[in-house]
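Here's the structure we're looking at; comments come further down.
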Amino acid sequence: MVEGTGDHACEYMTNGVVVILGPTGNNLGAGMSGGQAFVYDPSSEVLAKVNRQLVEARRPDGFHLDRLSELVQRHATLTGSRRAAELLADWARMADDFWLVAPKTELERVAAAESSRRATA
């Protein structure tokens, strides 16, 4: 969990989850082969900053938003982050300004798993 990054955030990331609550630089996700990054970006600038060779940026769905909310809440509790508290205070609106950045293969795998889970529910 970070509140902003420079260029090359999540470069060569192979697993895990990163949450960026503020601005990010260019070349986000270059060489990213696994994991997920959630980026708070109300102006949608992330679309021009991601490295689209291997990664894709899309709006997170309900499953991802639930996990993201838990992570932001934990960050607020553990650090006293004003930024996290501001986002949580109006989560219903602020959640719409997050992007999920992940390798294309990771997003396809997650979508297939979610489809399978819904079919058996």
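Of note:
- Excluding exposed DSSP-loop GluC sites (Glu not before Pro) (at most 14 other C-beta within 10 Å), longest clean stretch of the chain: 46-121
- Per residue accessible area of segment 1-60, 1.4 Å probe, in Å²: 47 Å²
- Here is the list for segment 1-83: chymotrypsin sites (Phe, Trp or Tyr not before Pro) lying in DSSP coil, each with at most 15 other C-beta atoms within 10 angstrom of its C-beta, are Tyr12.
- Computed in the context of the full set of protein chains, the accessible area of the chain at 1.4 Å probe radius has 50% of its extent on carbon or sulfur.
- Of Met13, Met32, Met94, the one that fluctuates the most in a GNM where the chain has Cα springs shorter than 10 Å: Met94
- The string of couplings for segment 74-87 from the Karplus curve (6.51, -1.76, 1.60, θ = phi - 60°) is 5, 4, 4, 5, 6, 10, x, 4, 5, 4, 4, 4, 4, 5 Hz, one whole number per residue in order, with x for Gly and Pro.
- Among Ala30, Ala102, Ala85: highest mean-square fluctuation, GNM of the chain, C-alpha pairs under 10 Å: Ala85
- GNM flexibility winner over the chain from Asp97, Asp66, Asp41 (Cα, springs under 10 Å): Asp66
- Percentage relative contact order, the chain, counting C-alpha pairs under 8 Å, at least six apart: 25 percent
- Between Val55 and Lys104, the built amide H atoms are under 5 Å apart, and every one of these is 5 or more places off in sequence or on another chain.
- Inter-centroid distance (Cα atoms) of segment 8-52 relative to segment 78-105, Å: 14 Å
- Across segment 41-49, rounded Karplus estimates of 3J(HN,Hα) from the backbone phi angles (6.51 cos²θ - 1.76 cosθ + 1.60, θ = phi - 60°) give 8, x, 9, 6, 5, 4, 4, 8, 9 Hz, Gly and Pro being marked x.
- Under-5 Å amide H pairs with Val19, H placed in peptide plane, nonlocal only: Val2, Phe38
- Dipole magnitude of the chain about its Cα centre (Cβ charges: Lys, Arg +1; Asp, Glu -1), debye to nearest 20: 220 debye
- Between Leu54 and Asn15, the distance separating the two model label sites (each 7 Å from Cα on the Cα→Cβ line) works out to 1.6 nm.
- Table column - 3J(HN,Hα) (Hz), segment 5-17, Karplus curve with 6.51, -1.76, 1.60, x for Gly and Pro: 9, x, 5, 6, 4, 6, 5, 6, 5, 10, 6, x, 10
The values are calculated or read from the model by the stated rules, or taken from the named source; none is laboratory data. Nothing here was measured: the structure is a model prediction, and the numbers come from that model. So basically every Cβ, Gly included, is an ideal-geometry build from the backbone, and we count neighbours across all protein chains shown. Note: areas computed on protein heavy atoms with side chains; ligands, DNA, RNA excluded. Shrake-Rupley method; radii C 1.70, N 1.55, O 1.52, S 1.80 Å.
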